[in-house]
Amino acid sequence: MRVLVIGSGGREHALCRSLSLDPQVSELHCAPGNPGIEQVAALHPVDPLDPGQVAELAVRLRVDLVVVGPEAPLVAGVSDAVRDAGIACFGPSKDAAMIEGSKTFAKEVMKAADVPTARARTCVTEEEAAAALDEFGAPYVVKDDGLAAGKGVVVTDDRDKALAHARACERVVIEEFLDGPEVSLFALCDGSTAVPLQLAQDFKRAYDGDEGPNTGGMGAYTPLPWAPDGLTEQVMREIVHPTIGELTRRGLPFQGVLFVGLALTSKGPKVVEFNARFGDPETEVLLDRLETPLGGLLMACATGELGLDPVFKDGSAVTVVIASEGYPEAPVKGDVIRGPQESGDAYVLHAGTARQGDEVVSAGGRVLAVVGHGPDQDSARRAAYDLVGRIELRGSHHRTDIAR
(Lines give C-alpha, C1' and ligand atoms only; values in the text may rest on other atoms or scores of the structure.)
Protein backbone atom coordinates (compact mmCIF):
# COMPACT_ATOMS: atom_id res chain seq x y z
CA MET A 1 0.00 0.00 0.00
CA ARG A 2 1.00 3.62 -0.55
CA VAL A 3 0.69 5.75 2.60
CA LEU A 4 0.70 9.51 3.26
CA VAL A 5 1.31 10.76 6.81
CA ILE A 6 0.25 14.30 7.74
CA GLY A 7 2.35 16.22 10.28
CA SER A 8 5.90 17.23 11.14
CA GLY A 9 6.65 16.23 14.74
CA GLY A 10 8.10 13.41 16.79
CA ARG A 11 4.83 11.48 16.66
CA GLU A 12 4.87 11.60 12.86
CA HIS A 13 8.53 10.53 12.73
CA ALA A 14 7.64 7.55 14.96
CA LEU A 15 4.68 6.70 12.70
CA CYS A 16 6.78 6.98 9.54
CA ARG A 17 9.60 4.91 11.02
CA SER A 18 7.17 2.10 11.93
CA LEU A 19 5.40 2.28 8.58
CA SER A 20 8.74 2.11 6.75
CA LEU A 21 9.42 -1.20 8.54
CA ASP A 22 6.08 -2.69 7.41
CA PRO A 23 6.63 -4.89 4.32
CA GLN A 24 3.06 -4.08 3.20
CA VAL A 25 3.98 -0.39 2.79
CA SER A 26 5.49 -0.03 -0.67
CA GLU A 27 5.60 3.77 -0.81
CA LEU A 28 5.70 6.30 2.04
CA HIS A 29 5.07 10.04 1.91
CA CYS A 30 4.82 12.75 4.58
CA ALA A 31 3.53 16.33 4.46
CA PRO A 32 5.19 18.54 5.48
CA GLY A 33 7.55 16.27 7.48
CA ASN A 34 10.95 17.17 8.95
CA PRO A 35 14.65 16.34 8.34
CA GLY A 36 14.39 13.11 10.33
CA ILE A 37 11.30 11.90 8.49
CA GLU A 38 13.05 12.71 5.22
CA GLN A 39 15.30 9.67 5.81
CA VAL A 40 12.33 7.26 5.47
CA ALA A 41 9.65 9.12 3.47
CA ALA A 42 9.27 11.51 0.55
CA LEU A 43 8.36 14.99 1.82
CA HIS A 44 5.78 17.38 0.35
CA PRO A 45 5.34 21.10 1.22
CA VAL A 46 1.62 21.12 2.00
CA ASP A 47 -0.26 23.12 4.63
CA PRO A 48 -1.53 20.36 6.96
CA LEU A 49 -4.41 22.58 8.10
CA ASP A 50 -5.80 22.97 4.57
CA PRO A 51 -8.19 20.06 3.87
CA GLY A 52 -8.28 20.78 0.15
CA GLN A 53 -4.48 20.79 -0.22
CA VAL A 54 -4.11 17.54 1.70
CA ALA A 55 -6.85 15.77 -0.29
CA GLU A 56 -5.42 17.04 -3.59
CA LEU A 57 -1.95 15.73 -2.64
CA ALA A 58 -3.37 12.35 -1.64
CA VAL A 59 -5.17 12.04 -5.00
CA ARG A 60 -2.09 13.17 -6.94
CA LEU A 61 0.13 10.63 -5.17
CA ARG A 62 -2.51 7.92 -5.64
CA VAL A 63 -2.10 6.81 -2.03
CA ASP A 64 -4.22 4.07 -0.51
CA LEU A 65 -4.21 5.47 3.03
CA VAL A 66 -3.79 8.86 4.70
CA VAL A 67 -2.73 8.95 8.35
CA VAL A 68 -3.42 12.26 10.11
CA GLY A 69 -1.01 12.76 12.99
CA PRO A 70 -1.77 16.04 14.84
CA GLU A 71 -5.06 17.20 16.32
CA ALA A 72 -5.34 20.56 14.53
CA PRO A 73 -5.76 19.05 11.01
CA LEU A 74 -8.41 16.68 12.37
CA VAL A 75 -10.40 19.54 13.89
CA ALA A 76 -9.93 21.45 10.61
CA GLY A 77 -11.67 18.63 8.72
CA VAL A 78 -8.73 17.09 6.84
CA SER A 79 -9.96 13.52 7.29
CA ASP A 80 -13.40 14.47 5.92
CA ALA A 81 -11.84 15.94 2.77
CA VAL A 82 -9.67 12.87 2.24
CA ARG A 83 -12.64 10.50 2.59
CA ASP A 84 -14.70 12.68 0.27
CA ALA A 85 -11.92 12.17 -2.29
CA GLY A 86 -12.45 8.41 -2.03
CA ILE A 87 -9.30 7.61 -0.06
CA ALA A 88 -9.17 5.69 3.25
CA CYS A 89 -8.15 7.86 6.18
CA PHE A 90 -6.91 7.04 9.68
CA GLY A 91 -8.31 9.83 11.84
CA PRO A 92 -11.78 10.81 13.04
CA SER A 93 -14.09 13.23 11.28
CA LYS A 94 -14.07 16.91 12.19
CA ASP A 95 -17.17 16.46 14.34
CA ALA A 96 -15.91 13.32 16.12
CA ALA A 97 -12.54 15.01 16.73
CA MET A 98 -14.35 17.50 18.96
CA ILE A 99 -13.82 14.89 21.70
CA GLU A 100 -10.43 16.65 21.86
CA GLY A 101 -11.29 19.95 20.18
CA SER A 102 -13.69 20.94 22.98
CA LYS A 103 -13.31 19.80 26.57
CA THR A 104 -16.91 20.87 27.16
CA PHE A 105 -18.10 18.52 24.41
CA ALA A 106 -15.97 15.72 25.88
CA LYS A 107 -17.54 16.24 29.31
CA GLU A 108 -21.03 16.15 27.76
CA VAL A 109 -20.25 12.86 26.02
CA MET A 110 -18.82 11.35 29.21
CA LYS A 111 -21.84 12.42 31.22
CA ALA A 112 -24.23 10.89 28.68
CA ALA A 113 -22.19 7.66 28.59
CA ASP A 114 -21.79 7.50 32.39
CA VAL A 115 -18.00 7.56 32.07
CA PRO A 116 -16.08 8.33 35.30
CA THR A 117 -14.34 11.72 35.20
CA ALA A 118 -13.79 14.81 37.33
CA ARG A 119 -16.69 17.10 38.19
CA ALA A 120 -16.33 20.25 36.11
CA ARG A 121 -17.75 23.66 35.17
CA THR A 122 -17.45 25.46 31.84
CA CYS A 123 -16.77 29.17 32.35
CA VAL A 124 -16.81 32.12 29.95
CA THR A 125 -16.55 35.02 32.42
CA GLU A 126 -14.09 35.80 35.19
CA GLU A 127 -16.91 35.71 37.70
CA GLU A 128 -17.91 32.20 36.64
CA ALA A 129 -14.29 31.08 36.82
CA ALA A 130 -13.82 32.53 40.29
CA ALA A 131 -16.94 30.78 41.54
CA ALA A 132 -15.82 27.45 40.07
CA LEU A 133 -12.37 27.77 41.65
CA ASP A 134 -13.98 28.35 45.02
CA GLU A 135 -16.36 25.42 44.50
CA PHE A 136 -13.65 22.85 43.76
CA GLY A 137 -10.80 24.33 45.82
CA ALA A 138 -7.07 23.71 45.54
CA PRO A 139 -5.24 22.23 43.76
CA TYR A 140 -6.93 24.25 41.02
CA VAL A 141 -7.30 22.64 37.57
CA VAL A 142 -7.96 25.11 34.73
CA LYS A 143 -8.14 23.91 31.10
CA ASP A 144 -8.46 25.90 27.91
CA ASP A 145 -11.62 24.54 26.29
CA GLY A 146 -10.03 24.41 22.83
CA LEU A 147 -6.81 23.05 21.33
CA ALA A 148 -3.66 24.29 23.04
CA ALA A 149 -0.90 21.91 21.83
CA GLY A 150 -0.75 20.16 25.17
CA LYS A 151 0.00 23.38 27.06
CA GLY A 152 -3.49 24.70 27.85
CA VAL A 153 -3.75 23.17 31.32
CA VAL A 154 -2.72 24.82 34.58
CA VAL A 155 -2.66 22.84 37.83
CA THR A 156 -1.71 25.03 40.77
CA ASP A 157 -2.33 25.83 44.44
CA ASP A 158 -2.11 29.54 43.56
CA ARG A 159 -5.65 30.87 43.04
CA ASP A 160 -4.41 34.07 41.38
CA LYS A 161 -2.39 32.06 38.86
CA ALA A 162 -5.39 29.83 38.16
CA LEU A 163 -7.66 32.83 37.63
CA ALA A 164 -5.09 34.51 35.38
CA HIS A 165 -5.02 31.45 33.12
CA ALA A 166 -8.83 31.42 32.99
CA ARG A 167 -8.79 35.11 32.12
CA ALA A 168 -6.37 34.49 29.23
CA CYS A 169 -8.66 31.89 27.62
CA GLU A 170 -11.88 32.56 25.75
CA ARG A 171 -13.59 29.65 27.47
CA VAL A 172 -12.26 27.31 30.15
CA VAL A 173 -13.21 24.13 31.92
CA ILE A 174 -12.47 24.20 35.64
CA GLU A 175 -12.63 20.87 37.39
CA GLU A 176 -11.86 19.05 40.59
CA PHE A 177 -8.36 17.71 41.05
CA LEU A 178 -8.02 13.95 40.60
CA ASP A 179 -5.62 12.19 42.94
CA GLY A 180 -3.38 9.30 41.95
CA PRO A 181 -0.85 8.53 39.18
CA GLU A 182 -1.70 9.32 35.57
CA VAL A 183 -1.43 6.78 32.75
CA SER A 184 -2.26 6.75 29.06
CA LEU A 185 -4.22 4.15 27.12
CA PHE A 186 -4.63 4.34 23.33
CA ALA A 187 -7.53 2.47 21.75
CA LEU A 188 -7.59 1.82 18.01
CA CYS A 189 -11.13 2.27 16.65
CA ASP A 190 -12.74 1.41 13.30
CA GLY A 191 -16.10 3.09 13.84
CA SER A 192 -17.68 0.23 15.74
CA THR A 193 -14.87 -1.87 17.25
CA ALA A 194 -12.07 -0.76 19.60
CA VAL A 195 -8.90 -2.60 20.70
CA PRO A 196 -6.28 -1.38 23.19
CA LEU A 197 -2.58 -0.76 22.83
CA GLN A 198 -0.21 -1.16 25.81
CA LEU A 199 -0.45 1.21 28.74
CA ALA A 200 2.16 3.97 28.85
CA GLN A 201 3.04 6.86 31.15
CA ASP A 202 4.35 10.28 30.18
CA PHE A 203 5.95 13.08 32.17
CA LYS A 204 4.23 16.43 31.63
CA ARG A 205 6.19 18.80 33.86
CA ALA A 206 9.26 20.50 32.41
CA TYR A 207 11.78 19.64 35.10
CA ASP A 208 12.95 16.78 37.32
CA GLY A 209 10.72 15.79 40.21
CA ASP A 210 7.60 16.97 38.33
CA GLU A 211 8.59 20.59 38.85
CA GLY A 212 7.90 23.52 36.53
CA PRO A 213 5.11 24.23 34.04
CA ASN A 214 3.15 21.68 32.03
CA THR A 215 4.59 20.83 28.62
CA GLY A 216 3.59 18.69 25.67
CA GLY A 217 5.49 15.85 27.38
CA MET A 218 9.14 15.43 28.36
CA GLY A 219 9.40 11.64 28.17
CA ALA A 220 7.50 8.38 28.45
CA TYR A 221 7.86 4.64 28.96
CA THR A 222 5.99 1.38 28.37
CA PRO A 223 4.93 -1.10 29.68
CA LEU A 224 3.93 -0.20 33.24
CA PRO A 225 5.05 -3.06 35.52
CA TRP A 226 3.27 -1.50 38.50
CA ALA A 227 -0.15 -1.13 36.82
CA PRO A 228 -2.96 -3.07 38.53
CA ASP A 229 -3.97 -6.37 36.92
CA GLY A 230 -6.99 -5.99 34.67
CA LEU A 231 -6.63 -2.19 34.33
CA THR A 232 -6.70 -2.20 30.52
CA GLU A 233 -9.81 -4.39 30.43
CA GLN A 234 -11.53 -2.18 33.03
CA VAL A 235 -10.77 1.01 31.08
CA MET A 236 -12.02 -0.51 27.84
CA ARG A 237 -15.21 -1.70 29.54
CA GLU A 238 -16.00 1.39 31.64
CA ILE A 239 -14.58 4.19 29.46
CA VAL A 240 -13.62 3.40 25.86
CA HIS A 241 -16.59 1.30 24.73
CA PRO A 242 -19.22 3.58 26.35
CA THR A 243 -17.56 6.66 24.82
CA ILE A 244 -17.34 5.15 21.34
CA GLY A 245 -20.93 3.98 21.69
CA GLU A 246 -22.17 7.45 22.66
CA LEU A 247 -20.35 9.05 19.72
CA THR A 248 -21.93 6.51 17.38
CA ARG A 249 -25.36 7.19 18.91
CA ARG A 250 -24.81 10.87 18.02
CA GLY A 251 -24.00 9.93 14.42
CA LEU A 252 -20.24 10.42 14.94
CA PRO A 253 -18.58 7.01 14.47
CA PHE A 254 -14.96 7.28 15.59
CA GLN A 255 -12.27 5.96 13.23
CA GLY A 256 -8.71 6.42 14.41
CA VAL A 257 -7.14 6.31 17.84
CA LEU A 258 -8.84 7.45 21.02
CA PHE A 259 -6.24 8.57 23.54
CA VAL A 260 -7.48 8.21 27.12
CA GLY A 261 -5.55 10.15 29.75
CA LEU A 262 -6.38 8.53 33.09
CA ALA A 263 -5.95 9.25 36.78
CA LEU A 264 -5.85 6.11 38.90
CA THR A 265 -7.77 7.57 41.82
CA SER A 266 -8.67 5.97 45.14
CA LYS A 267 -12.13 5.43 43.62
CA GLY A 268 -10.88 3.79 40.42
CA PRO A 269 -9.70 5.09 37.02
CA LYS A 270 -11.19 8.38 35.87
CA VAL A 271 -10.72 10.31 32.63
CA VAL A 272 -8.43 13.34 32.80
CA GLU A 273 -8.71 14.05 29.07
CA PHE A 274 -9.44 12.54 25.68
CA ASN A 275 -7.32 13.10 22.58
CA ALA A 276 -8.43 12.21 19.07
CA ARG A 277 -4.96 11.12 17.87
CA PHE A 278 -1.77 9.41 18.94
CA GLY A 279 -0.28 11.14 21.98
CA ASP A 280 3.27 12.43 21.97
CA PRO A 281 5.68 11.20 23.45
CA GLU A 282 3.84 7.96 24.32
CA THR A 283 3.58 7.07 20.62
CA GLU A 284 7.37 6.90 20.38
CA VAL A 285 7.63 4.11 22.97
CA LEU A 286 4.44 2.26 22.02
CA LEU A 287 5.41 1.95 18.37
CA ASP A 288 8.90 0.84 19.35
CA ARG A 289 7.36 -2.17 21.14
CA LEU A 290 4.59 -2.87 18.58
CA GLU A 291 5.15 -6.17 16.78
CA THR A 292 2.01 -6.17 14.60
CA PRO A 293 2.78 -4.33 11.31
CA LEU A 294 1.47 -0.79 11.63
CA GLY A 295 0.23 -0.20 8.09
CA GLY A 296 -2.30 -3.03 8.19
CA LEU A 297 -3.56 -1.95 11.62
CA LEU A 298 -4.18 1.63 10.51
CA MET A 299 -5.81 0.55 7.26
CA ALA A 300 -8.12 -1.81 9.16
CA CYS A 301 -9.24 1.10 11.36
CA ALA A 302 -9.81 3.31 8.33
CA THR A 303 -11.90 0.70 6.50
CA GLY A 304 -13.96 -0.68 9.40
CA GLU A 305 -12.20 -4.04 9.43
CA LEU A 306 -10.35 -4.04 12.76
CA GLY A 307 -9.94 -7.57 14.06
CA LEU A 308 -7.50 -9.04 16.58
CA ASP A 309 -5.70 -7.13 19.32
CA PRO A 310 -2.23 -5.79 18.40
CA VAL A 311 0.76 -7.82 19.60
CA PHE A 312 3.68 -6.21 21.44
CA LYS A 313 7.29 -7.31 21.78
CA ASP A 314 8.70 -8.30 25.13
CA GLY A 315 10.89 -5.80 26.92
CA SER A 316 10.60 -2.08 27.60
CA ALA A 317 11.00 1.25 25.81
CA VAL A 318 11.85 4.66 27.25
CA THR A 319 11.90 8.00 25.44
CA VAL A 320 13.57 11.18 26.66
CA VAL A 321 12.72 14.54 25.08
CA ILE A 322 15.49 17.07 24.44
CA ALA A 323 13.96 20.55 24.58
CA SER A 324 15.34 23.84 23.35
CA GLU A 325 16.57 26.63 25.58
CA GLY A 326 13.64 28.51 27.14
CA TYR A 327 11.04 25.77 26.57
CA PRO A 328 8.12 25.83 27.31
CA GLU A 329 7.76 29.58 27.94
CA ALA A 330 9.95 31.02 25.16
CA PRO A 331 11.77 28.33 23.15
CA VAL A 332 14.88 29.43 21.26
CA LYS A 333 15.11 28.24 17.66
CA GLY A 334 17.89 27.99 15.09
CA ASP A 335 20.61 26.22 17.10
CA VAL A 336 22.64 23.54 15.34
CA ILE A 337 22.08 19.91 16.40
CA ARG A 338 25.05 17.54 16.39
CA GLY A 339 25.51 13.93 17.41
CA PRO A 340 24.63 10.39 16.30
CA GLN A 341 21.13 9.47 15.17
CA GLU A 342 21.37 6.00 16.66
CA SER A 343 23.63 4.02 18.92
CA GLY A 344 23.25 0.47 20.18
CA ASP A 345 19.69 0.03 21.46
CA ALA A 346 18.66 3.68 21.02
CA TYR A 347 17.74 6.03 18.20
CA VAL A 348 16.65 9.64 17.64
CA LEU A 349 13.27 10.83 16.40
CA HIS A 350 12.97 14.42 15.18
CA ALA A 351 10.23 16.53 16.76
CA GLY A 352 11.05 20.21 16.16
CA THR A 353 13.84 20.40 13.59
CA ALA A 354 14.52 22.10 10.27
CA ARG A 355 17.21 22.01 7.62
CA GLN A 356 19.43 25.08 7.28
CA GLY A 357 21.89 24.53 4.45
CA ASP A 358 23.83 21.40 5.35
CA GLU A 359 22.93 21.67 9.03
CA VAL A 360 19.91 20.47 11.02
CA VAL A 361 18.75 23.09 13.52
CA SER A 362 16.16 23.38 16.27
CA ALA A 363 12.79 24.66 15.04
CA GLY A 364 10.50 24.12 18.03
CA GLY A 365 10.29 23.65 21.76
CA ARG A 366 10.59 19.88 21.90
CA VAL A 367 13.41 19.22 19.45
CA LEU A 368 14.28 15.52 19.65
CA ALA A 369 12.87 12.37 21.23
CA VAL A 370 15.51 9.77 22.04
CA VAL A 371 14.12 6.22 22.28
CA GLY A 372 15.91 3.42 24.08
CA HIS A 373 14.77 -0.19 24.32
CA GLY A 374 15.89 -3.28 26.16
CA PRO A 375 14.77 -6.44 27.95
CA ASP A 376 13.70 -4.40 30.99
CA GLN A 377 12.99 -0.81 32.00
CA ASP A 378 16.43 -0.15 33.48
CA SER A 379 18.29 -1.26 30.36
CA ALA A 380 15.94 0.72 28.09
CA ARG A 381 16.45 3.77 30.28
CA ARG A 382 20.25 3.43 30.18
CA ALA A 383 20.21 3.08 26.40
CA ALA A 384 18.13 6.24 25.98
CA TYR A 385 20.23 8.36 28.34
CA ASP A 386 23.52 7.12 26.89
CA LEU A 387 22.49 8.49 23.51
CA VAL A 388 21.03 11.69 25.01
CA GLY A 389 24.48 12.37 26.49
CA ARG A 390 26.06 12.28 23.02
CA ILE A 391 23.79 14.88 21.43
CA GLU A 392 24.86 18.53 21.31
CA LEU A 393 22.31 21.35 21.25
CA ARG A 394 23.28 24.68 22.78
CA GLY A 395 21.13 25.64 25.78
CA SER A 396 19.01 22.49 25.60
CA HIS A 397 17.54 20.74 28.62
CA HIS A 398 15.97 17.38 29.41
CA ARG A 399 14.64 15.57 32.43
CA THR A 400 16.99 13.08 34.06
CA ASP A 401 14.28 11.13 35.90
CA ILE A 402 12.16 9.66 33.09
CA ALA A 403 11.06 6.12 33.99
CA ARG A 404 13.12 6.17 37.19
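Pairwise over distinct Cα atoms, reciprocal of the mean inverse distance: report the Kirkwood radius of the chain in Å, one decimal place. Its Kirkwood hydrodynamic radius stands at 21.3 Å.
Between Ala42 and Glu233, the FRET efficiency from the beta-carbon distance, with R0 = 51 Å, is close to 0.80.
Counted by Cβ distance under 14 Å from Ala132, the other residues give a net charge of 0, where Lys and Arg count +1 and Asp and Glu count -1. Enumerate the residues in region 97-122 having an amide nitrogen under 20 Å from the point lying 7 Å beyond the Cα of Phe177 toward its Cβ. Under 20 Å, as judged by backbone N against the label point of Phe177, lie 117-122 of region 97-122. Summarising the amide proton neighbourhood of Val68: residues at separation of 5 or more, or on other chains, whose placed amide H is nearer than 5 Å comprise Ile6, Phe90. The chain: longest stretch without exposed chymotrypsin sites (Phe, Trp or Tyr not before Pro) (DSSP loop, at most 15 other Cβ within 10 Å), sites themselves excluded? With chymotrypsin sites (Phe, Trp or Tyr not before Pro) excluded where exposed in loops, the chain gives 227-404 as its longest stretch. Between Ser343 and Arg250, the simple label model (points 7 Å from Cα in the Cβ direction) yields a spacing of 4.8 nm. Since only Leu197, Val66, Leu308 are under comparison, the one whose Cα sits farthest along the positive direction of the charge dipole of the chain, derived from C-beta charges on Lys, Arg, Asp and Glu, is Val66. With a simple spin-label model that places each label point 7 Å from the Cα along the Cα-to-Cβ direction, the separation between Asp50 and Arg355 comes to 2.1 nm.
Under a 5 Å amide H cut-off, with hydrogens placed 1.01 Å from N, Ala317 pairs with Thr222 among residues at least 5 apart or on other chains. Sorting the Cα pairs of region 1-137 by distance into bins of 10 Å, from 0 upward, gives 12, 34, 24, 17, 11, 2 percent per bin. Taking amide H as placed 1.01 Å from N in the peptide plane, the amide H of Gly219 sits under 5 Å from that of Phe203, Val321, each at least 5 places away or on another chain. Taking every protein chain into account, the accessible area of region 263-306 amounts to 28 square angstrom per residue (probe 1.4 Å).
If eta is 1.567 mPa s and T is 4 °C, what Stokes-Einstein diffusion coefficient results for region 340-398, Kirkwood Rh from Cα pairs, in µm²/s? The Stokes-Einstein estimate is 107 µm²/s. Treat every Asp and Glu Cβ in the chain as -1 and every Lys and Arg Cβ as +1, leave all other atoms uncharged, and give the resulting dipole magnitude about the Cα centre to the nearest 20 debye. It works out to roughly 340 debye. Computed 3J(HN,Hα) for region 70-84, one whole-Hz value per residue from the Karplus formula 6.51 cos²θ - 1.76 cosθ + 1.60 where θ = phi - 60°, is x, 6, 4, x, 5, 5, 7, x, 4, 5, 4, 5, 5, 5, 4, glycine and proline marked x.
From the Kirkwood radius over Cα pairs of region 267-404, Stokes-Einstein at 37 °C and 0.692 mPa s returns a whole-number translational diffusion coefficient of 198 µm²/s.
Mind running the shape call on region 115-254? Use the C-alpha gyration tensor, a ≥ b ≥ c as the square roots of the eigenvalues: rounded below 1.5 for a/c, prolate if a/b tops b/c, oblate otherwise. Oblate, since a/c reaches 1.5 and b/c is not below a/b. Solvent-accessible surface of region 1-153, taken per residue with a 1.4 Å probe and all protein chains present: 39 Å².
Radius of gyration (Cα atoms) of region 172-331, expressed as a multiple of 2.2 N^0.38 Å: 1.07. Past 26 Å, Cα to Cα, is the threshold; run Lys103/Lys161; Lys267/Lys313; Lys143/Lys204 against it and keep the listed order. Violating the 26 Å Cα-Cα cut-off are Lys267/Lys313.
Here region 158-291 has 47 percent of its accessible surface on carbon and sulfur atoms, given a 1.4 Å probe and all protein chains in place.
Across region 108-239, the relative contact order, built from alpha-carbon pairs under 8 Å that are at least six residues apart, equals 22 percent.
The values are calculated or read from the model by the stated rules, or taken from the named source; none is laboratory data. Quick caveat: nothing in here was measured; it's all calculated off a predicted structure. A quick note on method: Cβ atoms are made from the backbone with ideal geometry, for glycine too, and the neighbour counts reach across all protein chains shown. Only protein heavy atoms, including side chains, enter the accessible area calculation; ligands, DNA and RNA are left aside. Shrake-Rupley method; radii C 1.70, N 1.55, O 1.52, S 1.80 Å.
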